[in-house]
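Asks: Quick one: this structure, given as structure tokens, is what I'll be asking you about.
The values are calculated or read from the model by the stated rules, or taken from the named source; none is laboratory data. Computed from a predicted structure; not experimentally measured. Quick reminder, even Gly has a Cβ in these numbers, built from the backbone with ideal geometry, and neighbours come from all protein chains shown.
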């Protein structure tokens, strides 16, 4: 058959093809091609980033040059003090840091606890509770934010940090799910050994299981860090006075009546991005792990 | 000495029932107070008219009916549908292409992977303001690049034909997470399958279509569902692109950037039409559920779960 014979032909020529450019040269050529493709892709992802950095170091004349240039004619630092002084930058930064700290703490108290109970303890109602976790993982925030806003309004907490902190202490479905998957892989013998020694379930959890779960917990802590650090919607809804603003809300003050101060804005953006980047660089391993886990299951 | 496990079991309950419940207490409370309760209440609100200051007044289905006569509502649905239907599949395809490149057997792969993932870490506010600058018609660098390669240079954020493509570019800048997930899946395709395909004489494209792609379909299903759910809720990029002083309810040129959740937000917090907003929230809720269901049903025809 014609189709079959071409397949065979391909098979025959695919492997030891006669040495035209030489196998070693071909190998090098292909490797070079791979690098060129990867460098082009990297450039596409990096260029906007480079624009942010170079704009932050440009003079106003440079920023508004026609045609636009990627690199500054003259590198200056002026935009950074301008950024920090033109708004209560420090206050916004402290507010953001406080929210991050408390949200990470809340998540680490609640999520592993619930996840462990769902993964390792056998009890009536467990599957029902686990189902509620799965079902709410996809719940759009918009469905609940109106009643929640009214609830917080009723207790006089709109405008304070409480609506942005308290929910973390009651668990986030996504993290509970992620940690449950991890705990499911911890051997039962650990808990049984603890039971034989007469330890309570809480002590087994705190002293035997949690130390085993460091990588998973680190993953969740990093996710929560970045999520709170970059959050925009909740601060937008709940924080209505400037002394409570987070950085994500405060950056808008660079959009003035008479145009945007791009230099200071990009400098502030850079300062805002660096902590998220730093944690990414330090903990890249956990990021990749966490992303892979969440993607696969 | 009695075995502690039997002592516990001897109390009449199954071992660990009380403990299990205790461990889950935070979630059970959180679920009731922050999720189940508000979901129910928002359904009730969707049948009422109220504005935060007065008690809700029952109006039946009037909120739902009014929405479909509302030009802006229809506009927001169409805008969002465009971003989801065009943006998500193309975004997945791009992420897959990037992942295939990242999977090349070259040195420095972790570095390339980190670079691709980098924009996904950038706070959405920063990213959007940055793109507002990059897309600037006069001083932005994007059009400068287009000029260099001889392409037309649209006024991205002011021309209503180009605002949505601009949003797609911004969201595609952040596909690193999806690419990394695809990369992990690619690395798990059993090597024997490729060897078998090579023995059968399959070339690059056939190898991809008959070996790689089937192995990637479960991940694609997951990414498609998550991507669509995120896309129909897109808020921050469009909100930040259209943000302007003195106009709290902006929608970009010709309302071309008014997305569904933006209009929901305007209804709730700018116009204080809470009932209307709750109705929109519930429509969104149902659409997301339905979408997920349809994709899951269709997945039986295109998703392959390997025997391993």
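Asks: Can residue A:237 be described as without any contact (Cβ under 8 Å) to a residue 40 or more places away in the chain, buried (at least 20 other Cβ atoms within 10 Å of the Cβ), farther than 18 Å from residue A:104 by Cβ and in contact with a helix residue (DSSP H, G or I) (Cβ under 8 Å, 6 or more places away or on another chain)? Show your work before the answer.
Replies: Numbers: without any contact (Cβ under 8 Å) to a residue 40 or more places away in the chain: no; buried (at least 20 other Cβ atoms within 10 Å of the Cβ): yes; farther than 18 Å from residue A:104 by Cβ: yes; in contact with a helix residue (DSSP H, G or I) (Cβ under 8 Å, 6 or more places away or on another chain): yes.
When the stated conditions are applied, residue A:237 does not pass them.
Asks: Name the helices (runs of 4 or more DSSP H) wholly within region A:137-243 that hold at least 2 residues that are within 26 Å of the chain's Cα centre (by Cα) and assigned by TED's automatic domain parsing to the domain that holds residue A:103?
Replies: Numbers: elements: A:141-154, A:162-165, A:173-184, A:188-196, A:214-230, A:233-238.
The qualifying helices (runs of 4 or more DSSP H) are A:141-154, A:162-165, A:173-184, A:214-230, A:233-238.
Asks: Hey, any hits in region B:176-189 for a residue that's touching a helix residue (DSSP H, G or I) at 6+ places or on another chain (Cβ under 8 Å), surrounded by fewer than 18 Cβ atoms within 10 Å (Cβ to Cβ), part of a loop (DSSP other than H, G, I, E, B) and away from chain A (no Cβ under 12 Å)?
Replies: Scanning region B:176-189, I find at least one residue that is touching a helix residue (DSSP H, G or I) at 6+ places or on another chain (Cβ under 8 Å), surrounded by fewer than 18 Cβ atoms within 10 Å (Cβ to Cβ), part of a loop (DSSP other than H, G, I, E, B) and away from chain A (no Cβ under 12 Å), so the answer is yes.
Asks: What's the number of the condition residue B:113 fails, among (1) without any contact (Cβ under 8 Å) to a residue 60 or more places away in the chain; (2) over 14 Å from residue B:172 (Cβ atoms); (3) more than 7 Å from every other protein chain (Cβ to nearest Cβ); (4) part of a helix (DSSP H, G or I)?
Replies: (1)
Asks: Pick from region B:223-278 the residues that are part of a helix (DSSP H, G or I) and on the phi > 0 side of the Ramachandran plot: which of them is farthest from the chain's Cα centre (by Cα)? Spell out how you get there, then give the answer.
Replies: To start, the set of residues in region B:223-278 that are part of a helix (DSSP H, G or I) comprises B:223-232, B:236-242, B:253-255, B:260-270, B:274-278.
Then drop every residue that is not on the phi > 0 side of the Ramachandran plot, which leaves B:254-255.
Working: B:254: 25, B:255: 21 Å.
Here the answer is B:254.
Asks: Conditions: (1) outside any helix (DSSP H, G or I); (2) under 22 Å from the mean Cα position of the chain (by Cα). Residue B:295 meets all but one. Number of the miss?
Replies: (1)
Asks: Additional query: For region A:61-81, which positions are surrounded by 14 or more Cβ atoms within 10 Å (Cβ to Cβ) and within 13 Å of residue A:264 (Cα to Cα)? Full working, then the answer.
Replies: Keep residues of region A:61-81 that are surrounded by 14 or more Cβ atoms within 10 Å (Cβ to Cβ), which gives A:62-65, A:68-69, A:72, A:76, A:78-80.
Answer for region A:61-81, where residues must be surrounded by 14 or more Cβ atoms within 10 Å (Cβ to Cβ) and within 13 Å of residue A:264 (Cα to Cα): A:63, A:76, A:78, A:79, A:80.
Asks: Now a separate question. So residue A:194 ticks every box in (1) closer than 24 Å to residue A:129 by Cα; (2) in contact with a helix residue (DSSP H, G or I) (Cβ under 6 Å, 6 or more places away or on another chain) but one. Which box is left unticked?
Replies: Exception for residue A:194: condition (1).
Asks: All but one of (1) touching a residue at least 12 places away in the same chain (Cβ under 8 Å); (2) away from chain A (no Cβ under 11 Å); (3) surrounded by fewer than 20 Cβ atoms within 10 Å (Cβ to Cβ) hold for residue B:256, so report the exception by its number.
Replies: (3)
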